[in-house]
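Below is one structure, written out as structure tokens; comments come after it.
Nothing in this text is a laboratory measurement; each read-out follows from the coordinates by a stated rule. From a predicted model like this one, the values you see are computed outputs, not experimental measurements. All Cβ positions, glycine included, derive from the backbone under ideal geometry; neighbour counts span all protein chains shown.
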Amino acid sequence: MENKRSVLVSVSAWAFIIFGGWHVARAAYDNFAMASMFSSPSFMLGLAGATMPVETPPLARFAVEHIRLVFVFYFFASLAVFIAGSGLLLRKSWALNSSKWFFYIGAACCLLVFLFPGLLMPKPYVYAGVSLAPEFNVAVEHMRFQLRLFSAFPGAAGLWIARRLENEKVRREFGLR
């Protein structure tokens, strides 16, 4: 019997390797740039007087307040994706399981953004039912629609790929039952 390789697994592996490798290099550069900025006394002096805008979206506020943590997480998440892609290409069972979970977690994040765009988007400026900035509010509503649209399709695709990776044929390819 011929041992045929799944195209979906191979494409996913190469996508993980290319995107993960690019983002590992990018995250390493960003972390070094961040370290050099935070070592500058003038930067820290300027940062000390900075304030956050009122009504900043929660995830934006978290990113600003924990910027070093965000960049370190970015590096390690990118490295994990690159390693999983390499393992997928070599048809390692641990890589299949971790890749499935990357797709499931990505789909769950897209679902959260789809259901709660306010995590990333500012609120419209309305006071007592009166729009304080009509042009801004129209732009916010348009961006919310685009955010939902651009989170729905990748989320659905990620869920579909994760389910396909659980297929019996794919599992046999990795030596699993």
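A few notes on this one:
- The fraction of Cα-Cα pairs per 10 angstrom bin, counted from 0 for the stretch 63-163, comes to 14, 28, 31, 17, 7, 2, 0 percent, rounded to whole percents.
- Sparsely packed loop sites in the stretch 1-73 (the trypsin sites (Lys or Arg not before Pro) outside DSSP H, G, I, E and B with at most 16 other Cβ atoms within 10 Å) comprise K4, R5.
- Helical contribution to [θ] at 222 nm, DSSP H n ≥ 4, -39,500 (n - 2.57), averaged over the chain, rounded to 500: -25500 deg cm²/dmol
- Dipole in debye (nearest 20) - the chain, about Cα centre, beta carbon charges: Lys, Arg +1; Asp, Glu -1: 860
- Summary of packing: across the peptides 8-18, 134-144, the per-residue average of other C-beta atoms within 10 Å ranks them, highest first, as 8-18, 134-144.
- Extension gain, S86-I105: 0.36 nm per intervening residue step, less the Cα-Cα distance, totals 4.9 nm.
- Hits among aspartates and glutamates - C-alpha to C-alpha of K92 under 12 Å, sequence gap 8 or more where chains match: E173
- Stokes-Einstein translational diffusion, the chain - Kirkwood Rh over all Cα pairs, 1.002 mPa s, 20 °C, in µm²/s: 111
- Relative contact order of the chain, defined on C-alpha pairs under 8 angstrom at six or more residues apart (%): 29
- Computed across the stretch 40-120, the Kirkwood radius stands at 15.6 Å (inverse of mean 1/r, all Cα pairs).
- Applying 0.36 nm per residue to the separation of F19 and S93 and subtracting their alpha-carbon distance, the gain on full extension is 24.5 nm.
- Computed extension gain for L69 through F116, at 0.36 nm per residue and net of the alpha carbon distance, reaches 14.6 nm.
- Listed residues V24, Y74, S10: farthest to the positive end of the dipole of the chain (Cβ charges): S10
- At R0 = 22 Å, FRET efficiency that the Cβ-Cβ distance of F145 and K123 yields, to 0.05: 0.90
- Cα-based convex hull, the stretch 85-128, per residue volume (Å³, whole number): 65
- Counting only whole DSSP H helices of the chain, the ones at least 30 Å long by C-alpha along their axis and with mean Kyte-Doolittle hydropathy no lower than -1.0 are 7-38, 67-89, 93-115, 134-165.
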